[in-house]
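Q: This is the structure, below, for whatever I ask next.
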Amino acid sequence: METDPDTLYDALLARDHGYEGRAWVGVQTTGIFCRFDCPARKPKRENVTFFDSVAACLDAGFRPCKRCCPLEPSTVQDPVVQTLLAALQADPLHRWTEDDLRARGIDPSTARRAFRRAFGATFLEIARLRRLRAGVEARAQGARVIDAQLEAGFESASGFREAFSRLMGRAPGTLSGAERLKADFIDTPLGPMIVVADEAQVWLLEFAGRKALATELKAVQREAKDPIGLGRTQATAHLAEDLARYFEGGSPSFTVPTAPYGSAFSNAVWAALRQIPPGTTCSYKDLAKAIDRPEAVRAVARANGANRLALIVPCHRVIGADGGLGGYGGGVWRKRWLIAHEREAGRGVAA
């Protein structure tokens with residue numbers, strides 16, 4: 001790092017917020033790494049190492065602190081974010097408006113910026129998705145469209161139809177229940193994921209709320225030559241078991257069959273991704289070399305971004321050549337969590 005270590009240590013003792021996102025500290029005696037403003041007792045100078053990225057901390061073998069949560073975006077610790085997330089948890093079907101935020105003394109523009117930094121979506125968008133999920137699940141269980149709309153807390157039938165269609169790629173009234181492909185939600189520690197599967201294989205697995213989700217759902221329907229309905233299949237149940245093991249720190253391997261799609265080049269990239277050992281990372285350049293196409297770094301990056309089987313094809317294990325985490329469709333904060341989780345799980349297996 002360019003900054004003198006003694007200067008960094010003084011900033012650490014002062015809990016200097018100015019270093020947020022620029023520097024982290026690894027504590028050799030505990031094996032954890034922290035933000036500079038961590039409330040924990042500060043270590044002695046000889047017991048610390050400074051890093052300029054979370055990836056560097058993880059590569060050096062340090063675990064994330066459970067008090068300052070350096071894998072989470074800093075805005076998650078923002079009082080505005082904490083307050084609104086708690087309110088959403090308490091009443092997930094409330095129809096939130098900007099007037100509700102003002103009534104709580106929260107400026108809507110402040111909340112909008114904080115949530116976009118943290119999650120890539122505004123609080124109102126997240127709240128709307130939470131309500132829409134209730135409607136999707138009600139419709140999957142055979143509820144009439146009007147009942148699903150009311151279950152989701154939508155006052156307007158057109159508003160519900162529009163939101164449903166934007167998420168699922170078709171209007172709620174067009175679902176017959178006999179569709180071969182079915183979409184369902186699976187809860188994870190990183191938020192709900194949407195899976196599309198037939199009885200035999202999984203076609204899509206993404207974090208709910210991803211901007212590209214609607215486009216991906218349309219692509220699945222086009223390639224399968226079938227519409228997507230709602231419900232759970234045998235393949236979905238199989239995937240849910242794989243995900244449970246993964247998040248519990250067990251096997252990082254996914255055994256559920258997946259539907260083939262994409263070009264030969266993309267499939268070569270995705271196959272190489274699945275060869276990256278859990279708990280390790282590689283760069284796009286390394287991935288290009290692994291498929292004997294060292295000149296195709298940008299194409300490799302595009303194929304990585306086009307993956308629609310999150311976690312199953314572990315595109316989160318690819319980082320920038322400089323050690324930076326780069327982008328991730330599910331959000332960089334999830335990418336940080338996943339890398340750390342796999343390294344922690346690997347230590348447990350080794351022990």
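The values are calculated or read from the model by the stated rules, or taken from the named source; none is laboratory data. On a predicted model such as this, the values are computed, not experimentally measured, just so you know. Positions of Cβ are backbone-derived with ideal geometry, glycine not excepted, and every protein chain shown enters the neighbour counts.
Table: residues versus (1) more than 19 Å from Gln201 (Cα to Cα); (2) touching a residue at least 24 places away in the same chain (Cβ under 8 Å).
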position: Asp226; (1), (2): no, yes
position: Gly231; (1), (2): no, yes
position: Phe254; (1), (2): no, yes
position: Ala264; (1), (2): yes, no
position: Trp270; (1), (2): no, yes
position: Cys282; (1), (2): yes, yes
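Q: Among the listed residues Ala111, Ala118, which satisfies the condition of being modelled with pLDDT of 80 or more, part of a helix (DSSP H, G or I) and aliphatic (A, V, I, L, M)?
A: The match here is Ala111.
Q: Does segment 209-227 hold any residues that are within 19 Å of Arg130 (Cα to Cα) and in contact with an Asp or Glu (Cβ under 6 Å, 6 or more places away or on another chain), and which are they?
A: Hit for segment 209-227 is Leu213, nothing else.
Q: Which numbered condition trips up Ile106, out of (1) surrounded by fewer than 17 Cβ atoms within 10 Å (Cβ to Cβ); (2) at pLDDT 85 or above; (3) not aromatic (Phe, Trp, Tyr)?
A: Evaluating Ile106 over (1) surrounded by fewer than 17 Cβ atoms within 10 Å (Cβ to Cβ); (2) at pLDDT 85 or above; (3) not aromatic (Phe, Trp, Tyr) leaves (1) as the failure.
Q: Examine segment 194-211 for a residue that is buried (at least 17 other Cβ atoms within 10 Å of the Cβ), without any contact (Cβ under 8 Å) to a residue 24 or more places away in the chain, within 22 Å of Gly327 (Cα to Cα) and not hydroxyl-bearing (Ser, Thr, Tyr), and state whether such a residue exists.
A: yes
This table checks each residue for (1) touching a His at 6+ places or on another chain (Cβ under 7 Å); (2) at pLDDT below 90; (3) under 30 Å from Arg222 (Cβ atoms).
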residue: Trp270; (1), (2), (3): no, no, yes
residue: Gln275; (1), (2), (3): no, no, yes
residue: Gly324; (1), (2), (3): no, yes, no
residue: Gly327; (1), (2), (3): no, yes, yes
residue: Gly330; (1), (2), (3): no, yes, yes
residue: Lys335; (1), (2), (3): yes, yes, yes
residue: Leu338; (1), (2), (3): yes, yes, yes
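Q: Name the residues in segment 234-293 that are outside the structural domain of Arg317 (by TED's automatic domain parsing), among the charged types (D, E, K, R) and assigned to a loop (DSSP other than H, G, I, E, B), would you?
A: Across segment 234-293, the qualifying residue is only Glu248.
Q: Which of (1) touching a residue at least 60 places away in the same chain (Cβ under 8 Å); (2) more than 18 Å from Arg336 (Cβ to Cβ) is the odd one out, the single condition Ala56 does not satisfy?
A: (2)
Q: A further question on this structure: Given the condition closer than 29 Å to Phe62 by Cα and surrounded by 18 or more Cβ atoms within 10 Å (Cβ to Cβ), answer yes or no: does some residue in segment 257-268 qualify?
A: no
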